[in-house]
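The values are calculated or read from the model by the stated rules, or taken from the named source; none is laboratory data. Nothing here was measured: the structure is a model prediction, and the numbers come from that model. Positions of Cβ are backbone-derived with ideal geometry, glycine not excepted, and every protein chain shown enters the neighbour counts. Calculation scope for accessible area: heavy atoms of the full protein, side chains included, ligands and nucleic acids excluded. Shrake-Rupley method; radii C 1.70, N 1.55, O 1.52, S 1.80 Å.
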Amino acid sequence: MRFTKMQGTGNDYIYVNCFEETVAHPHQTARIISDRHFGVGSDGLVLIGPGASADFSMRIINRDGSESEMCGNACRCIGKYVYERGLTNKTTVTLETGGGVKVLHLTVREGKVESVRVDMGQPEWSPEKIPVALSGQSILGHEVEVLGKKVAIHCVSMGNPHCVVFVENTDTTDVAGMGAALENHPLFPCRTNVEFVQVIDRTHLKMRVWERGAGETLACGTGACASLAVAVMTGRADRLVQMQLLGGELTLEWSGQDGHIHQQGPAEFVFDGVWTE
């Protein structure tokens, strides 16, 4: 099986072109190939294929074998992949995901994709659609006890579930302990991604993320968008911000007109290989 490893702000996945390759057991393959000691090493496996209602489609299998609906960093990487590998010559590409169809705008210079801007759609606040087992129109500032501490959580979906927690300092936050506890909290029937966000100022945020099924990763595009939405809704930030992640920076903008959040950032090839297992 031929594959390509790519990364977007450090969020690395193994990408397989399913126009040419067949992955018979993707969940098992994801667990094996993603292992950082005995496999290639990645946050998961991404399958690129034809779309029923878009130019292309993607499936994301986390490194624990579970499947995710959406990944903003993977969207950007797919934009670069399909253009530079000759699957399209369009600079505006539609991508079918488990979280709906996303529109990718490619910035191309001398045949290379320099950056990708993704229309991530509107945030979803309804508890039953996130999902989170609480009532109300939105869950902003709900207190829960985690590891013996009371924590204010803010819940939103960007095509996949997110739980945002504001902290004083992301560098000293127990991301692994708190992240795992919240990911598997009974409030979240489908588990959740967890973002720990530090407000630098109204146009600069800093985030670390515990991803559902992957643990702490260097970046999460949907998590960054979820964090912006919550920061705006709680009066902490403006609608246009720079988000600092362990793997780099994203530019995020929440439109006041159509309510869509856009993220822009890099996508890079790491290497190509052949998996022989």
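Scan region 4-56 residue by residue and report those that are of a type in the set (V, I, T) and open to solvent by less than 20 Å² (accessible area, probe 1.4 Å). Full working, then the answer.
So in region 4-56, the residues of a type in the set (V, I, T) come out as 4, 9, 14, 16, 22-23, 29, 32-33, 40, 46, 48.
Across region 4-56, the qualifying residues are T4, T9, I14, V16, I33, V46, I48.
Within region 97-110, is even one residue under 24 Å from G256 (Cα atoms), part of a loop (DSSP other than H, G, I, E, B) and modelled with pLDDT under 95?
Looking through region 97-110, at least one residue is under 24 Å from G256 (Cα atoms), part of a loop (DSSP other than H, G, I, E, B) and modelled with pLDDT under 95.
Scan region 99-150 residue by residue and report those that are touching a Lys or Arg at 6+ places or on another chain (Cβ under 8 Å) and open to solvent by 50 Å² or more (accessible area, probe 1.4 Å).
Across region 99-150, the qualifying residues are H105, T107, E143.
Would you check if there is a residue in region 163-176 being touching a Cys at 6+ places or on another chain (Cβ under 8 Å), in a strand (DSSP E or B) and closer than 21 Å to V194 by Cα?
Looking through region 163-176, at least one residue is touching a Cys at 6+ places or on another chain (Cβ under 8 Å), in a strand (DSSP E or B) and closer than 21 Å to V194 by Cα.
Do we have any residue at all in region 208-222 that's farther than 23 Å from C75 by Cβ and touching a strand residue (DSSP E or B) at 6+ places or on another chain (Cβ under 6 Å)?
No.
Could you look through region 66-93, keep only residues that are among the β-branched types (V, I, T) and open to solvent by less than 40 Å² (accessible area, probe 1.4 Å), and pick out the one that is nearest to H162 (Cα to Cα)?
The initial filter retains those residues of region 66-93 that are among the β-branched types (V, I, T), namely 78, 82, 88, 91-93.
From what's left, open to solvent by less than 40 Å² (accessible area, probe 1.4 Å): 78, 82, 88, 93.
Values: I78: 23, V82: 28, T88: 32, V93: 26 Å.
Result: I78.
Of everything in region 246-264, what is assigned to a strand (DSSP E or B), open to solvent by 10 Å² or more (accessible area, probe 1.4 Å) and of a type outside the set (S, T, N, Q)? Give them in sequence order.
G248, E249, E253, W254, H262
For region 194-216, state whether one or more residues are among the hydroxyl-bearing types (S, T, Y) and surrounded by 24 or more Cβ atoms within 10 Å (Cβ to Cβ).
Of all residues in region 194-216, those among the hydroxyl-bearing types (S, T, Y) come to 203.
Going one step further and asking which of them are surrounded by 24 or more Cβ atoms within 10 Å (Cβ to Cβ), we end up with none.
So far as region 194-216 goes, no, none of its residues is among the hydroxyl-bearing types (S, T, Y) and surrounded by 24 or more Cβ atoms within 10 Å (Cβ to Cβ).
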